[in-house]
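Bear in mind that the values in this text are calculations on the coordinates, not laboratory data. Model, not experiment: these values are computed from the prediction. FYI the Cβ positions are ideal-geometry reconstructions off the backbone, even for glycines, and counts take in every protein chain you see.
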Amino acid sequence: MPVYALGDRIPQIDPEAFVHPDAVVIGDVRIGAESSVWPGAVLRGDYGTIIVGERTSIQDGTVVHAVSEYPTVIGSDCIVGHIAHLEGCIVHDGALIGSGSVVLHQVNVRSGATVAAGAVVRNRTDVPERALAVGIPASIKPEASDEVAIAEGVALYVANARRYRDELRAL
């Protein structure tokens, strides 16, 4: 798998995490136990720090970046959908970031919240617990997230990462 140090910025990947061989991890990136990073995802901690908690999936084609002023922190038990872009934001435990969405600097996505597929969450937006952020630019719908569906998705990706760790082989 392409994992790179950049100067003194060295990735820290828990041995129980799964990083697909076609994902790229560069610099100050920390990935917790049972988390997964899928094909085509790029986590680039060249200017800032990226932290991914435990049991979190960073799905195919996602870009996670940070700048020196704002780390990108993704908590435990989160789902980051395909082709999302996260930069300089905080995603709290148990949140879902939908496919194709963009979450920008100083955004806080609180526990149990969902950023809908394709949404663009502008700088300094707070997405409250259990809320849904939807649209361009995102508007907030209180209490509209589905925490049960998030938990089910987390469990599915933890199991899938175990399967890939055990069964994936190049042909």
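Here region 50-68 is the region considered, the condition is being touching a Gly at 6+ places or on another chain (Cβ under 7 Å) and among the charged types (D, E, K, R), and the residue that is surrounded by the most Cβ atoms within 10 Å (Cβ to Cβ) is Glu54. Being closer than 16 Å to Ile58 by Cβ, in a loop (DSSP other than H, G, I, E, B) and without any contact (Cβ under 8 Å) to a residue 40 or more places away in the chain is a description that applies to Gly100. Of all the residues in region 103-132, those that are within 16 Å of Asp77 (Cβ to Cβ), touching a Lys or Arg at 6+ places or on another chain (Cβ under 9 Å) and assigned to a strand (DSSP E or B) number 1. The set of residues in region 25-49 that are surrounded by fewer than 19 Cβ atoms within 10 Å (Cβ to Cβ) and within 17 Å of Gly153 (Cα to Cα) contains only Ala33.
Can you confirm whether Ala161 is in contact (Cβ under 8 Å) with a residue 12 or more places away in the chain, in a helix (DSSP H, G or I) and buried (at least 22 other Cβ atoms within 10 Å of the Cβ)? Taking the combined requirement at face value, the residue satisfies it. From the residues in region 91-148 that are farther than 19 Å from Val52 by Cβ and of a type in the set (Val, Ile, Thr), which one is nearest to the chain's Cα centre (by Cα)? Looking at residues that are farther than 19 Å from Val52 by Cβ and of a type in the set (Val, Ile, Thr), I get Val120.
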